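Have a look at the structure below before the remarks.
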Amino acid sequence: MHVVEELSPLLIRSRQGDYPVEFRATIGELVERLLEVPEAVVVCDSNIAELYAGELAPLFADRPTRLVEANEEAKSLAGVGELVQWLIDQAAVRSTTVIAIGGGCIQDLVSFTTHIYFRGIRWLFVPTTVLSQADSCIGAKSGINVLPYKNQLGAMHSPREVLISTEFLGTLPDIEVASGYGEIVKLSVTSSRHFLGDLQAALAEGGLRNPHLLALTRASLAAKQEIIEADEYESDLRRVLNYGHTFGHALEALGGHQIPHGLGVLWGIDIINRLGVQWGLTDPQTTEELAALITADFDYELPISPSVEDLLGMVGRDKKVSEGRIHFAVLRQPGDFIIEPRAIDAELGEQVAIALNESRVFTRA
Ligand code: NAD
């Protein structure tokens with residue numbers, strides 16, 4: 001991986017307007033750019049505001065700022081209502097830009113709210129977690145909770161610009177770093193811009209907080225870019241982004257949402273790979289390489305051991321099920337996917353039992 005490559009910006013094409021993803025070495029440099037945005041107001045994760053009070057002070061002093069606790073209540077209909085009220089209080093108009101600073105929670109809250117406020121105002125995103133930097137910051141999706149249900153409401157709303165500094169990640173807890181890597185592992189094999197070899201080398205060199213994280217972030221975004229530019233509004237191609245998510249989501253739900261999302265995805269990747277091998281689709285060597293990478297670099301043990309019945313019961317409730325069949329995103333080998341519709345039946349149950357028995361991901365050695 002080359003440093004120049006790492007820092008060169010990406011330009012994401014979107015039907016709502018193309019937008020750049022730019023990289024800055026320090027938060028100070030990023031703040032300089034933010035101070036240039038005209039008519040801006042700021043919505044910032046309250047933890048970030050406290051941890052980076054010094055670096056962000058010039059911005060907070062200059063722009064109306066709202067601090068929000070990043071949790072699932074914040075990105076709910078009630079949270080949207082509170083933010084709308086605040087925007088009204090700030091006399092925000094069509095030409096206002098909302099700068100969002102935080103992880104996926106703040107992203108979802110701001111992208112959805114700015115989508116509906118005055119039928120759409122601009123927003124700019126400064127992601128601060130591995131998940132939001134390497135994955136969710138592009139693709140324009142938002143999800144708002146109607147609690148207790150997650151992500152029931154959504155809108156597609158591209159940001160005007162994404163500005164990334166990995167300096168934020170120094171304070172991100174290890175478990176959040178590991179969870180964010182779930183999507184990096186997924187993206188390392190999902191498009192023609194696959195980079196599994198680079199990922200293996202970077203992890204072998206320095207574990208999850210290796211010096212190449214910025215390059216891996218850029219590589220993940222470039223891989224996702226290829227998919228979303230070809231298919232911004234989720235038809236067949238974009239389904240590859242669900243790789244690992246069907247069983248991952250089922251596991252997360254069975255674990256009462258205590259299992260971090262990205263770790264659920266990593267487990268789901270191993271299960272679908274093992275099903276793919278049984279279906280004669282997935283390359284067994286790639287399956288073992290990915291399993292070895294996950295078990296070597298992610299120190300986690302599942303708090304539950306789900307039964308086949310519970311898993312398939314949960315998979316059957318996935319919003320992607322239609323007419324009793326589920327469309328699995330199945331990896332053949334890096335960069336080569338097939339969308340495989342399968343009935344949720346006894347045969348699938350037997351195959352899942354074999355996959356569970358074989359999998360060593362997040363189980364006690
Ligand atoms: P988050 O926004 O939920 O934040 C997790 C915790 O980390 C919070 O306590 C936050 O304050 C803290 N935090 C954030 N950055 C920090 C930093 N640099 N240092 C220290 N602490 C920090 O984290 P997330 O994982 O980015 O987002 C998860 C949310 O994103 C979920 O609600 C999920 O549904 C949503 N999501 C959205 C998309 C999308 O495309 N819109 C995709 C995936 C997930």
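Please state which one of ALA74, ALA49, ALA100 is assigned to a loop (DSSP other than H, G, I, E, B) and either within 20 Å of ARG160 (Cβ to Cβ) or within 10 Å of the ligand (Cβ to nearest atom) (or both).
ALA74
Restricting the search to the range 108-126, which residues are surrounded by 24 or more Cβ atoms within 10 Å (Cβ to Cβ) and either in contact with a strand residue (DSSP E or B) (Cβ under 6 Å, 6 or more places away or on another chain) or of a type in the set (Gly, Ala, Ser) (or both)? Those that are surrounded by 24 or more Cβ atoms within 10 Å (Cβ to Cβ) and either in contact with a strand residue (DSSP E or B) (Cβ under 6 Å, 6 or more places away or on another chain) or of a type in the set (Gly, Ala, Ser) (or both): ASP108, VAL110, SER111, PHE112, THR114, TRP123, PHE125, VAL126.
Number of residues in the range 212-237 that are within 12 Å of the ligand (Cβ to nearest atom) and in a helix (DSSP H, G or I) equals 2. Checking each residue in the range 101-133 for being hydrophobic (A, V, I, L, M, F, W, C), within 12 Å of ALA70 (Cα to Cα) and out of contact with any Phe, Trp or Tyr (no Cβ under 6 Å at 6 or more places or on another chain) picks out ILE101, CYS105, ILE106, LEU109. Exactly one residue out of ALA49, ALA40 is closer than 20 Å to TRP86 by Cβ, more than 24 Å from the chain's Cα centre (by Cα), surrounded by 14 or more Cβ atoms within 10 Å (Cβ to Cβ) and among the hydrophobic types (A, V, I, L, M, F, W, C), and it is ALA40.
What's the total number of residues in the range 103-127 that are among the hydroxyl-bearing types (Ser, Thr, Tyr) and either free of Cβ contacts under 8 Å to residues at least 12 places away in the same chain or near the ligand (Cβ under 10 Å from one of its atoms) (or both)? Count: 1. Yes or no: the range 60-83 includes at least one residue that is touching a Lys or Arg at 6+ places or on another chain (Cβ under 8 Å), of a type outside the set (A, V, I, L, M, F, W, C) and closer than 30 Å to LEU214 by Cβ. Yes; the residues of the range 60-83 include at least one that is touching a Lys or Arg at 6+ places or on another chain (Cβ under 8 Å), of a type outside the set (A, V, I, L, M, F, W, C) and closer than 30 Å to LEU214 by Cβ.
Scanning the range 169-210 for residues that are more than 27 Å from THR26 (Cβ to Cβ) and among the aliphatic types (A, V, I, L, M), which turns out farthest from the ligand (Cβ to nearest atom)? Within the range 169-210, the match that is farthest from the ligand (Cβ to nearest atom) is ALA204.
Of the residues contained in the range 128-136, one or more are found to be under 30 Å from GLU29 (Cα atoms), in contact with a strand residue (DSSP E or B) (Cβ under 6 Å, 6 or more places away or on another chain) and either part of a helix (DSSP H, G or I) or within 12 Å of the ligand (Cβ to nearest atom) (or both).
Does ALA91 satisfy the condition of being farther than 18 Å from GLU22 by Cα, modelled with pLDDT of 95 or more and near the ligand (Cβ under 10 Å from one of its atoms)? Criteria not met by ALA91.
The values are calculated or read from the model by the stated rules, or taken from the named source; none is laboratory data. Because the structure is predicted, anything quoted here is derived from the model rather than measured. FYI the Cβ positions are ideal-geometry reconstructions off the backbone, even for glycines, and counts take in every protein chain you see.
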